[in-house]
1. Out of (1) farther than 22 Å from residue 3 by Cα; (2) out of contact with any strand residue (DSSP E or B) (no Cβ under 7 Å at 6 or more places or on another chain); (3) buried (at least 16 other Cβ atoms within 10 Å of the Cβ), the odd one out for residue 48 is which?
2. Take the range 20-37 and flag every residue that is crowded, with 18+ Cβ neighbours inside 10 Å and not in a helix (DSSP H, G or I).
3. Could you say which residue among 87, 94, 106, 100 is in contact (Cβ under 8 Å) with a residue 60 or more places away in the chain and either within 14 Å of residue 19 (Cβ to Cβ) or surrounded by 13 or more Cβ atoms within 10 Å (Cβ to Cβ) (or both)?
4. Only one residue in 155, 165 is within 25 Å of residue 73 (Cβ to Cβ), free of Cβ contacts under 8 Å to residues at least 40 places away in the same chain and in contact with a helix residue (DSSP H, G or I) (Cβ under 6 Å, 6 or more places away or on another chain), so which one is that?
5. With the requirement that a residue be part of a loop (DSSP other than H, G, I, E, B), closer than 21 Å to residue 21 by Cβ and either touching a helix residue (DSSP H, G or I) at 6+ places or on another chain (Cβ under 8 Å) or touching a residue at least 40 places away in the same chain (Cβ under 8 Å) (or both), what does the range 112-147 give you?
6. May I ask you to list the residues in the range 1-12 that are surrounded by 13 or more Cβ atoms within 10 Å (Cβ to Cβ) and touching a helix residue (DSSP H, G or I) at 6+ places or on another chain (Cβ under 8 Å)?
7. Of all residues being surrounded by 10 or more Cβ atoms within 10 Å (Cβ to Cβ) and closer than 30 Å to residue 81 by Cβ in the range 139-176, which is farthest from the chain's Cα centre (by Cα)? Just the residue, please.
8. Out of 46, 17, which single residue is modelled with pLDDT of 95 or more, in the same structural domain as residue 117 (by TED's automatic domain parsing) and in a loop (DSSP other than H, G, I, E, B)?
């Protein structure tokens, strides 16, 4: 069973322990070893997760990847797969969860993942997604319809007025 202060932090952040949290924890620990990385203070380490499940919380705690910093991104494919990138060295790795040996209850699954070594849990593959650029900061402007401020990238010019995506009239000739 995993016993460490870092595991306890991940469990506290997530709110409970479960197999999914263990998967993310093991992936983050394995990525640290494979890429020789540690906690990301800014955007030097990037994780692209192919799911939005429990394991992502462990990745945030272990590696410091977060949506707010722009170094935790989602490429939703419903897979227990995580691509990790080290911006400093250019190295990257994609970890894909191997199938479990047999049908298991939630409790059995938790115990199984807790007792696995990361290299027994994941297939190590080359990343398939190019490392995205660092997060940009956009100027903001007020929507001339609702009055709410939004980033300029998400404004649309309609009839000479700047409109946010919520106020922008969608155009679809097939679903009028």
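The values are calculated or read from the model by the stated rules, or taken from the named source; none is laboratory data. Given the structure is predicted, the values throughout are model-derived calculations rather than measurements. With ideal geometry, Cβ positions are generated from the backbone for all residues, glycine too; neighbour counts draw on all protein chains shown.
1. (2)
2. Result: 37, single match.
3. Working: 87 fails: in contact (Cβ under 8 Å) with a residue 60 or more places away in the chain; 94 fails: in contact (Cβ under 8 Å) with a residue 60 or more places away in the chain; 100 fails: in contact (Cβ under 8 Å) with a residue 60 or more places away in the chain.
Exactly one of 87, 94, 106, 100 is in contact (Cβ under 8 Å) with a residue 60 or more places away in the chain and either within 14 Å of residue 19 (Cβ to Cβ) or surrounded by 13 or more Cβ atoms within 10 Å (Cβ to Cβ) (or both), namely 106.
4. Values: 155 fails: in contact with a helix residue (DSSP H, G or I) (Cβ under 6 Å, 6 or more places away or on another chain).
So the residue among 155, 165 that is within 25 Å of residue 73 (Cβ to Cβ), free of Cβ contacts under 8 Å to residues at least 40 places away in the same chain and in contact with a helix residue (DSSP H, G or I) (Cβ under 6 Å, 6 or more places away or on another chain) is 165.
5. Just the residues of the range 112-147 that are part of a loop (DSSP other than H, G, I, E, B), to begin with: 116-117, 126-139, 143-147.
Okay, now just the ones that are also closer than 21 Å to residue 21 by Cβ, so 116-117.
The answer is 116, and nothing else.
6. Within the range 1-12, the first condition is being surrounded by 13 or more Cβ atoms within 10 Å (Cβ to Cβ), and the residues that meet it are 2, 6-11.
Matches in the range 1-12: 2, 6, 7, 9, 10, 11.
7. 165
8. On the way: 46 fails: in a loop (DSSP other than H, G, I, E, B).
Among 46, 17, only 17 is modelled with pLDDT of 95 or more, in the same structural domain as residue 117 (by TED's automatic domain parsing) and in a loop (DSSP other than H, G, I, E, B).
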